[in-house]
1. Just for segment 40-75: of the residues that are touching a residue at least 40 places away in the same chain (Cβ under 8 Å) and part of a loop (DSSP other than H, G, I, E, B), which one is surrounded by the fewest Cβ atoms within 10 Å (Cβ to Cβ)?
2. From the list Pro29, Pro66, exactly one residue is more than 15 Å from Val93 (Cβ to Cβ), modelled with pLDDT of 95 or more, in contact with a helix residue (DSSP H, G or I) (Cβ under 7 Å, 6 or more places away or on another chain) and more than 9 Å from the ligand (Cβ to nearest atom). Which is it?
3. Within segment 46-63, how many residues are within 11 Å of the ligand (Cβ to nearest atom) and more than 10 Å from the chain's Cα centre (by Cα)?
4. What are the pairs with Cβ atoms under 9 angstrom where one residue, in segment 1-18, is open to solvent by 60 Å² or more (accessible area, probe 1.4 Å) and the other, located anywhere, is charged (D, E, K, R)? Sequence gap at least six, or different chains.
5. Of the numbered conditions (1) touching a helix residue (DSSP H, G or I) at 6+ places or on another chain (Cβ under 8 Å); (2) basic (Lys, Arg); (3) within 15 Å of Glu26 (Cβ to Cβ); (4) open to solvent by 20 Å² or more (accessible area, probe 1.4 Å), Lys37 satisfies every one except a single condition; which is it?
6. Looking at (1) surrounded by 15 or more Cβ atoms within 10 Å (Cβ to Cβ); (2) within 11 Å of the ligand (Cβ to nearest atom), which one does Leu78 not meet, given that it meets all the others?
7. What's the number of the condition Phe28 fails, among (1) without any contact (Cβ under 8 Å) to a residue 24 or more places away in the chain; (2) outside any helix (DSSP H, G or I)?
8. Given the structure, is Gly11 in a loop (DSSP other than H, G, I, E, B) and away from the ligand (no atom under 15 Å from the Cβ)?
Amino acid sequence: MRPEEEDRLLGKIAHLLESGLKTQVEPFPETHIEFAKILDELRALPQEDLRAKLVIGGFTNTPYGPDQMRCLECMYYLVHRKWCDLPELAVPVEPDWWCRLWRI
Ligand code: SF4
């Protein structure tokens with residue numbers, strides 16, 4: 001994806017989240033099995049269904065929880081590209097966003 005396409009997609013995601021899209025932030029996957037189950041759900045989605053990806057991923061456009069978890073500290077976050085490198089997501093994200101697939 002070219003940088004301008006990534007910027008456009010980032011804006012689209014930001015708009016969906018700002019518009020109050022309700023996403024499944026809970027339950028947070030505590031085990032590998034629960035984590036894998038969410039990945040399975042994501043893989044089953046049509047490639048173009050961005051909204052469902054955000055819902056199932058449990059995206060927020062703010063840090064989350066008492067520890068204020070956010071993409072910036074997640075192992076999947078590519079800082080210089082502002083990109084989520086988890087293959088099942090593979091979307092541009094802001095450093096202060098979060099999703100329930102967050103891992104360190
Ligand atoms: S897995 Fe979630 S928390 Fe981690 S970088 Fe991707 S969107 Fe952000």
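1. Out of the qualifying residues, it is Asn61.
2. When all the criteria are applied, what remains is Pro29.
3. Number satisfying all stated conditions: 1.
4. Pro3/Arg81
5. (1)
6. (1)
7. (1)
8. The answer is no for Gly11.
The values are calculated or read from the model by the stated rules, or taken from the named source; none is laboratory data. Please read these numbers as outputs of a predicted model, since none were measured by experiment. A quick note on method: Cβ atoms are made from the backbone with ideal geometry, for glycine too, and the neighbour counts reach across all protein chains shown. These accessible areas exclude ligands, DNA and RNA; they are computed on the full protein's heavy atoms, side chains included. Shrake-Rupley method; radii C 1.70, N 1.55, O 1.52, S 1.80 Å.
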